[in-house]
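A short write-up of the structure that comes next.
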There are 2 protein chains.
Amino acid sequence: MRPNILLFGDSITQESFRSGGWGASLADAYSRKADVVLRGYGGYNTRWTLFLLHHLFPLGLTKPPVATTIFFGANDAALAGGTSERQHVPVEEYKENLRKIVRHLKECSPTMLIVLITPPPMDEEGRMEYARETYGEKAMTLPERTNETTGVYAKGCVELARELGVRSINLWSKMQETDGWQKKYLRDGLHLTAEGNAVVFEEVVKVFKEAWLDASEMPYDFPHHSEIDGKNPEKAFQQKCL
Amino acid sequence: MRPNILLFGDSITQESFRSGGWGASLADAYSRKADVVLRGYGGYNTRWTLFLLHHLFPLGLTKPPVATTIFFGANDAALAGGTSERQHVPVEEYKENLRKIVRHLKECSPTMLIVLITPPPMDEEGRMEYARETYGEKAMTLPERTNETTGVYAKGCVELARELGVRSINLWSKMQETDGWQKKYLRDGLHLTAEGNAVVFEEVVKVFKEAWLDASEMPYDFPHHSEIDGKNPEKAFQQKCL
């Protein structure tokens, strides 16, 4: 009955239902109005994601999502030659993969609201600190990702969105507008703190509102309890349930 | 593809995707394994809920939930004659309504794991404080709910679960085992704090595990990224996607 909003992405999406997470906040904001469906795949890059595409979004769905966020790039941007090389995807292929994803979603539903989200910025120092805390002497000594490289992917993502006529959120730029973004928004140089999650939530809600997917203007699935007459409850349910 | 876990209840369910909420924690715990579907109706009692039943759980669903939590009673237990009388449902009718819900769900799916959750305990003093803070001089001077009465509903809920052979969580008793439960678990005498939410999450997970719906034993929907060979990704996806 309710429309679905689907969150498609890597670990930053998969983790988004942890305490203070942007996905859970969306589910709360749209509660009784839309269902938020979590399709986050930690560690995935866009190349691997293509294997899932037709399974997650089969053509001919009777009820495709009304909106989908596509939030990849943090893994694609892992450096070739670094310790996370396995996840690296060249930026041109990253853009091409995103293009395939968007095209497929448009084929699933021409009216679907598609929002491309760039990877967040990357704090190299914070990432090294995290590696030392986690792996001690075995920790990497060279960065596996850099903020500059991640920025190239973010730019590619935004350019592609413009080219395809879909909305985008430049999280990489947005977060860096705030002083101290490195610790404020990132907990290990790469993944989001609660405050970082709040930024994603606000940006997604803003884009959804601009596209008229505004929770405050969407109807409740069933009457609000204040509309129910204790002595004559049937009346409130007449239109939708009887 | 993934099984659904449905959370059916009143405001304590509807709010469960706020920061630290038990619903969001479940969605996180079962991420990539099951979808947690939120069907919380703030202010609803079991009488009003019956109007929704066939709409939320139509017979003949191709994919009924594998598990459903039924979490009502806090509103039914509002005192007749109090300021929330409109929501009051006599305890015998409350049990009868729960019985109708359980029977309908069993008809939807004989294998569905059904978990009845009692209302949490009620802190009369905390509720009055909240009313004074919110409404000032216009606040109620007599309690609209009492812990003793809510306990009668909790007892009825547990008895019914035993009679119908479904699982139950006696939240009313469980929470009162901890000293200072009034402020520790309840934020306004009625709704849950983050710590109160954590109790519900732990209890639900425990019951789910006992019923073999254990996230740690459920398969990922698609390969974990560590199983993907960067040079030959097709291999990991062969079984499920190709």
Of these, B:L26, B:L38, which one is in contact with a helix residue (DSSP H, G or I) (Cβ under 7 Å, 6 or more places away or on another chain), within 29 Å of B:E85 (Cα to Cα) and at pLDDT 95 or above? B:L38
If I filter the range B:113-126 for residues that are at pLDDT 95 or above and in contact with a Cys (Cβ under 6 Å, 6 or more places away or on another chain), do I get at least one hit? yes
Matching residues in the range B:148-183 (under 19 Å from the mean Cα position of the chain (by Cα) and of a type outside the set (A, V, I, L, M, F, W, C)) number 14
Taking A:F57 and the conditions (1) in contact (Cβ under 8 Å) with a residue 40 or more places away in the chain; (2) out of contact with any helix residue (DSSP H, G or I) (no Cβ under 6 Å at 6 or more places or on another chain), which numbered condition does it fall short on, given that it satisfies the others? (2)
Can you tell me how many residues within the range B:192-231 are of a type in the set (K, R), within 19 Å of the chain's Cα centre (by Cα) and surrounded by fewer than 13 Cβ atoms within 10 Å (Cβ to Cβ)? 1
In the range A:175-191, is there at least one residue being surrounded by 15 or more Cβ atoms within 10 Å (Cβ to Cβ) and among the β-branched types (V, I, T)? no
Which residues, counting only those in the range A:6-39, are more than 9 Å from every other protein chain (Cβ to nearest Cβ), surrounded by 21 or more Cβ atoms within 10 Å (Cβ to Cβ) and more than 11 Å from the chain's Cα centre (by Cα)? A:Y30, A:A34
Are any residues in the range A:118-131 farther than 20 Å from A:V89 by Cβ, in a helix (DSSP H, G or I) and among the charged types (D, E, K, R), and if so, which ones? A:E125, A:E129
Please go through the range A:63-80 and pick out each residue that is small (G, A, S) and within 14 Å of another protein chain (Cβ to nearest Cβ). A:A74, A:A78, A:A80
Inspect the range A:59-78 for any residue being basic (K, R), within 23 Å of B:K33 (Cβ to Cβ) and surrounded by fewer than 22 Cβ atoms within 10 Å (Cβ to Cβ) and give the result as yes or no. yes
Quick check on A:T146: is it within 30 Å of A:G42 (Cβ to Cβ) and more than 14 Å from every other protein chain (Cβ to nearest Cβ)? yes
Quickly run through the range A:86-95 and pick out the residues that are more than 13 Å from every other protein chain (Cβ to nearest Cβ) and either in contact with a Gly (Cβ under 7 Å, 6 or more places away or on another chain) or crowded, with 16+ Cβ neighbours inside 10 Å (or both). A:V91, A:Y94, A:K95
Given A:T62, A:T69, which one is within 30 Å of B:P58 (Cβ to Cβ) and touching a Leu at 6+ places or on another chain (Cβ under 7 Å)? A:T69
Kindly indicate whether B:T134 is in a helix (DSSP H, G or I) and in contact with a Pro (Cβ under 9 Å, 6 or more places away or on another chain). no
Against the condition at pLDDT 95 or above and more than 7 Å from chain A (Cβ to nearest Cβ), how does B:T83 come out, does it pass? no
Under 9 Å by Cβ, and 6 or more places apart or on different chains, what pairs join a residue from the range A:1-28 that is free of Cβ contacts under 8 Å to residues at least 24 places away in the same chain with one that is aromatic (F, W, Y) and not in a helix (DSSP H, G or I)? A:G23/A:F17; A:A24/A:F17; A:A27/A:F17
Conditions first: (1) touching a strand residue (DSSP E or B) at 6+ places or on another chain (Cβ under 9 Å); (2) on the phi > 0 side of the Ramachandran plot; (3) of a type outside the set (D, E). B:M112 passes all but one, so which condition is the exception? (2)
Could you check, for the range A:40-52, whether at least one of its residues is within 12 Å of chain B (Cβ to nearest Cβ), among the small types (G, A, S) and surrounded by fewer than 17 Cβ atoms within 10 Å (Cβ to Cβ)? no
Looking only at the range A:98-132, count every residue that is of a type in the set (D, E, K, R) and farther than 20 Å from A:P64 by Cα and tell me the total. 6
Here are the criteria: (1) in contact with a His (Cβ under 8 Å, 6 or more places away or on another chain); (2) under 22 Å from A:G20 (Cα atoms). Tell me which single one B:D28 does not satisfy. (1)
Scanning the range B:99-148 for residues that are among the β-branched types (V, I, T) and crowded, with 20+ Cβ neighbours inside 10 Å, the one farthest from B:E85 (Cα to Cα) turns out to be B:I114
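The values are calculated or read from the model by the stated rules, or taken from the named source; none is laboratory data. Only a predicted model underlies this, so the values are computations on that prediction, with no experimental measurement involved. Please note: Cβ atoms are built from the backbone with ideal geometry, for glycine as well, and neighbour counts cover all protein chains shown.
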